[in-house]
Amino acid sequence: MKKIFHLLLLLSISLLITQCAAPVEQPRGSVRGTVKDSVNQLVEDATVVVNTTNLRTVTDSQGSYQISNVPAGKWTITASKNGYTPESKVVYVEAGQTVTVNFTLAPVTSTGTVRGTVRDNNAQPIQDATVAVQGTELQTTTNSDGQYEITNVPAGQRTIIASKSGYVSESKAVNVEAGQVVTVDFQLRLQEVQQVVWQKVFGGSNDDRAYSIQQTSDGGYIVAGYTWSSSNREEVYILKLDANGNKVWEKTFGGSYDDRAYCIQQTSDGGYIVAGYTSSAGVGSYDVYILKLDTSGNEVWSKTFGGSYDDLAWSIQQTSDGGYIVAGYTSSFGAGNYDVYIIKMDANGNTGAYPMGEE
């Protein structure tokens, strides 16, 4: 019985010693490294954490960090910062050791890329064409294959313009998405080259102007306006040209004051009908002036229409009955300050006048 007591006493003491022993320390290590961005610049104040633990720190001004007392084992370490895409790495931490884990954070992009090819109407590449993003300074030129690429294009709806001297520019609206590449191809057509067949200058030392021109039945041209070079006043100026622009004949008409022609048309008899204004004849300051000429520009008859104030003709046409219709304005008749003035004449210039319009 005494032996049993001693055995129980020894067992109790052994259990007591076991319960009072210090716990075994878990082996630990450290993690350190740097955080940089995609252009190798150090990132300050980035957060580095050991996932599923409370262990974390932030990088210093040199982009460096260190986390101590990391339990030995396999861990996922994550680096993050606002404006950047987080990066995670799996590492093995050994007891008493320091493992280096470096991170490269890519900025969260708000831009995209536009690329494509510029070709002509024959599907041939156009080199050195300019491709630009409207509203920005972003532009580039195409290579020998007609290809181009523009990076850092702000995300959103953008207008891309392709152009080159000698071609008609083309623009296209596209949606640029952040971090994405959008393809925009162009096909430019050649500009139509307007060649000058001939050009002519007529007039004297003073003011000479043409207001109306029409091709004539012989392939030439008839011109109407006024000249101030033949006298010290404005005179109706009629000029007949051949198909090459050479002068066939010229005529002036008018009186002691200013007279102008604003419209001329060839008539069915091969002659011409002219409309404008005169201050040399009639009763007003300016009166509608109608001239009928033969094929050589000689006057067949002339008419004036109007009242006590300004009346003027801008346009005249021969009508199907062989007469003429005139359009202009009047301040002598009607209800307004100026009113539309329509005159219908027969083939001999006999007329009824129809002012119309309101103030």
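Some points to look at:
- The listed residues are 248, 223, 174, and the only one of them that is among the aliphatic types (A, V, I, L, M) and farther than 21 Å from residue 265 by Cβ turns out to be 174.
- Of everything in the range 311-342 that is hydrophobic (A, V, I, L, M, F, W, C) and farther than 18 Å from residue 285 by Cβ, the residue that is farthest from the chain's Cα centre (by Cα) is 335.
- Filter pass, residue 88 being in contact (Cβ under 8 Å) with a residue 24 or more places away in the chain, assigned to a strand (DSSP E or B), of a type in the set (S, T, N, Q) and farther than 18 Å from residue 108 by Cβ: no
- Tally of residues being within 19 Å of residue 230 (Cα to Cα) and out of contact with any strand residue (DSSP E or B) (no Cβ under 9 Å at 6 or more places or on another chain) across the range 246-303: 1
This table checks each residue for (1) at negative phi; (2) at pLDDT below 95; (3) touching a Gly at 6+ places or on another chain (Cβ under 8 Å); (4) in a strand (DSSP E or B).
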| position | (1), (2), (3), (4) |
| --- | --- |
| 3 | yes, yes, no, no |
| 7 | yes, yes, no, no |
| 18 | yes, yes, no, no |
| 22 | yes, yes, no, no |
| 32 | yes, no, no, yes |
| 40 | no, yes, no, no |
| 52 | no, yes, no, no |
| 79 | yes, no, no, yes |
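- Qualifying residue in the range 98-111 (condition: outside any loop (DSSP other than H, G, I, E, B), within 24 Å of residue 27 (Cα to Cα) and of a type outside the set (A, V, I, L, M)): yes
- Residue in the range 294-306 that is crowded, with 17+ Cβ neighbours inside 10 Å, on the phi < 0 side of the Ramachandran plot and under 49 Å from the mean Cα position of the chain (by Cα) present: no
- Odd one out for residue 216 among (1) in contact with a Phe, Trp or Tyr (Cβ under 8 Å, 6 or more places away or on another chain); (2) among the β-branched types (Val, Ile, Thr); (3) under 25 Å from residue 240 (Cβ atoms); (4) touching a residue at least 40 places away in the same chain (Cβ under 8 Å): (1)
- Yes/no for residue 182 being in contact (Cβ under 8 Å) with a residue 40 or more places away in the chain, out of contact with any Asp or Glu (no Cβ under 6 Å at 6 or more places or on another chain) and surrounded by fewer than 17 Cβ atoms within 10 Å (Cβ to Cβ): yes
- Flag if residue 227 is touching a residue at least 24 places away in the same chain (Cβ under 8 Å) and surrounded by 15 or more Cβ atoms within 10 Å (Cβ to Cβ): yes
- Within the range 194-210, being within 17 Å of residue 238 (Cα to Cα) and exposed (fewer than 10 other Cβ atoms within 10 Å of the Cβ) holds for one residue alone: 201.
- Positions within the range 307-319 being of a type in the set (S, T, N, Q) and either surrounded by 15 or more Cβ atoms within 10 Å (Cβ to Cβ) or not in a loop (DSSP other than H, G, I, E, B) (or both), in sequence order: 315, 317, 318
- Residue-level check: of (1) assigned to a strand (DSSP E or B); (2) surrounded by fewer than 17 Cβ atoms within 10 Å (Cβ to Cβ), residue 322 misses just (1).
- Answer residue from the range 265-303, given it is of a type in the set (S, T, N, Q) and not in a loop (DSSP other than H, G, I, E, B) and is farthest from residue 319 (Cα to Cα) among those: 278
- Taking the range 137-159 as the range and being part of a strand (DSSP E or B) and not hydroxyl-bearing (Ser, Thr, Tyr) as the test, the residues that pass are 139, 147, 149, 150, 152, 153, 154, 156, 157, 158.
- Summed over the range 61-73, the residues that are surrounded by 14 or more Cβ atoms within 10 Å (Cβ to Cβ) and closer than 22 Å to residue 107 by Cα give a count of 3.
The values are calculated or read from the model by the stated rules, or taken from the named source; none is laboratory data. A quick note: this is a predicted structure, and the numbers were derived from the prediction, not measured. Reconstructed Cβ throughout: ideal geometry from the backbone, glycine too, with neighbour counts over all protein chains shown.
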